[in-house]
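The values are calculated or read from the model by the stated rules, or taken from the named source; none is laboratory data. From a predicted model like this one, the values you see are computed outputs, not experimental measurements. Virtual Cβ from ideal backbone geometry, glycine too; neighbours counted across all protein chains shown.
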Amino acid sequence: MTVVTRFAPSPTGLLHVGGARTALFCWLYARRTGGRFILRIEDTDRERSTAEAVRVILEGMAWLGLDADEGPYYQTQRFDRYREIIRGMLQAGTAYHCYCTKPELDALRERQIARKEKPRYTGICRDRSEPRPGIDPVVRFRNPLHGTVVVQDLVHGPVTFQNAELDDLIIARADGTPTYNFCVVVDDMDMQVTHVIRGDDHLNNTPRQMNMLQALGATLPLYAHVPMILGPDGTKLSKRHGAVSVLQYEEEGYLPDALLNYLVRLGWSHGDQEVFTRAEMIAAFDIHDVNKAASAFNPEKLLWLNQQHMVRAQPATLVPHLRAQLRRLGLESADERLLEGVILAQRERAKTLKEMAQNSRFFFVDRIELEPKAAAKHLGADALPTVARVRERLADMPEWSAATIHAALNELATQLNSGLGKIAQPVRVAVTGTAVSPPIDATLALLGRERTLARLDAVLTKSAPGPA
């Protein structure tokens, strides 16, 4: 049997971390088993579905690298197929027309609540054979009245539902448009989905969907309902916790592999391993190992993992991400060697690519502004002779590299009977504008001789006394 999984988001909101984790689990299980992964957009809710939400879903999946083998399919493009199935069910008697009006159903619900009963449709039109003039009927599925439905859930174990508790679900509205639960059933049947992996908020839909699949003579898929992701305080995950579009994480400078690594560990583990490459996740993941308990979102752990991925990645693979962050700052660079060098110099000093870009502006601008506090502390009159000596020594160097710069500054420190820090810090402020940067030899090597000398000259010229 070829494993077929599907991720089926509704474009009524953004693709956030909960949906991204579900997509990841579906994708990993398909990849691990050599199966197929389908992307399906469940856009039957025409009032709430938006083109913007669809765009964010597709761009988010692309950024995460969760490539689909099929799709995206759109339910609104399959209405003819749904209507065909509904006609067949009406003919077979597994569905029927219901002529109850909304006021009648509201009144029924109020009476049930007054009697402290569970509100449900009681099958008033189940055996009706004559139409009701002036009323466009809905179509309901004729759910079995007796027996049980047992969901052999791969995460929660067997979950039993009584058919007597399941009312006859509407599968087509009065205007003929099919409903979500029905479209899901037809899609899963037609696309031969073998494993339905989704959030456990869908668990209560499963027995009805299983009954419909059986009524259609379809093979039942296996179900795995994964637990919710909670906020750090144990409440439902919200925007303030991190339930934002996954594209927001891209804007904030997170790596897609780091976010996926973090999400896969929410409810799943593989020994004590914390950091996973994409290949390691595929090799180790099994949906049967997902924990049934909810997991809490921890932003600090995500930041730590992001830095781990930055440190372990080949610098060339991070160049596009750093370049994108620099563009957000209005900066451009086509110098691959400089970009890779900045990544090597800065990646242990930053937790995100956004932070790295912000800390590295001085590498990519023609002119810098000195931070007043740093300049006041490190570029006073007593420091300028040292800056001048450094400028003289650097100008005469035959080779420009971190090693030769380091040797030159060390030699000068010895001559001046001074610590290297007292030489390096004025130079650092002069060439970067701040008191914080990578090691001074690496910083100057990356800046290059021409820009380094020009920035030292700017400080010396600006601070030189004017004519008497």
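Below is a table of values for the structure above.
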item: Filter pass, P133 being surrounded by 12 or more Cβ atoms within 10 Å (Cβ to Cβ) and either of a type in the set (G, A, S) or not assigned by TED's automatic domain parsing to the domain that holds L259 (or both); result: no
item: The lone exception for P398 - which of (1) without any contact (Cβ under 8 Å) to a residue 40 or more places away in the chain; (2) part of a helix (DSSP H, G or I); (3) touching a Ser or Thr at 6+ places or on another chain (Cβ under 9 Å) it fails; result: (2)
item: Enumeration of residues in the stretch 267-282 that are closer than 17 Å to C26 by Cβ and either outside any loop (DSSP other than H, G, I, E, B) or not aromatic (F, W, Y) (or both); result: G267, R278, M281, I282
item: Filter result for the condition that a residue is over 34 Å from the mean Cα position of the chain (by Cα), of a type in the set (A, V, I, L, M, F, W, C) and not assigned by TED's automatic domain parsing to the domain that holds A294, over V159, V151, V138, V186; result: V138
item: Some residue of the stretch 194-204 being part of a loop (DSSP other than H, G, I, E, B) and in contact with a Pro (Cβ under 7 Å, 6 or more places away or on another chain); result: yes
item: Subset of the stretch 18-38 [farther than 19 Å from H202 by Cα and either outside the structural domain of L259 (by TED's automatic domain parsing) or not in a helix (DSSP H, G or I) (or both)]; result: G34, G35, R36, F37
item: Test: residue in the stretch 258-266 that is over 17 Å from the mean Cα position of the chain (by Cα) and either in a loop (DSSP other than H, G, I, E, B) or surrounded by 13 or more Cβ atoms within 10 Å (Cβ to Cβ) (or both); result: no
item: Unmet criterion (only one of (1) in the same structural domain as R21 (by TED's automatic domain parsing); (2) surrounded by fewer than 17 Cβ atoms within 10 Å (Cβ to Cβ)) for E117; result: (1)
item: Selection count where residues are within 41 Å of the chain's Cα centre (by Cα) and within 17 Å of L145 (Cα to Cα), scope the stretch 90-127; result: 6
item: Flag for R393 being surrounded by 11 or more Cβ atoms within 10 Å (Cβ to Cβ), among the basic types (K, R) and closer than 15 Å to A458 by Cα; result: no
item: Residues that are of a type in the set (G, A, S) and in contact (Cβ under 8 Å) with a residue 40 or more places away in the chain, drawn from the stretch 158-172; result: A172
item: Within the stretch 325-338, tally of residues that are in contact (Cβ under 8 Å) with a residue 24 or more places away in the chain and out of contact with any Phe, Trp or Tyr (no Cβ under 9 Å at 6 or more places or on another chain); result: 2
item: Hits in the stretch 342-390 (condition: surrounded by 15 or more Cβ atoms within 10 Å (Cβ to Cβ), in a loop (DSSP other than H, G, I, E, B), of a type outside the set (A, V, I, L, M, F, W, C) and in the same structural domain as L446 (by TED's automatic domain parsing)); result: E371
item: Where G34 falls short, out of the listed (1) under 20 Å from D188 (Cα atoms); (2) crowded, with 18+ Cβ neighbours inside 10 Å; (3) without any contact (Cβ under 8 Å) to a residue 40 or more places away in the chain; result: (2)
item: Meets criteria (hydroxyl-bearing (S, T, Y) and in contact with a strand residue (DSSP E or B) (Cβ under 6 Å, 6 or more places away or on another chain)) for T5; result: yes
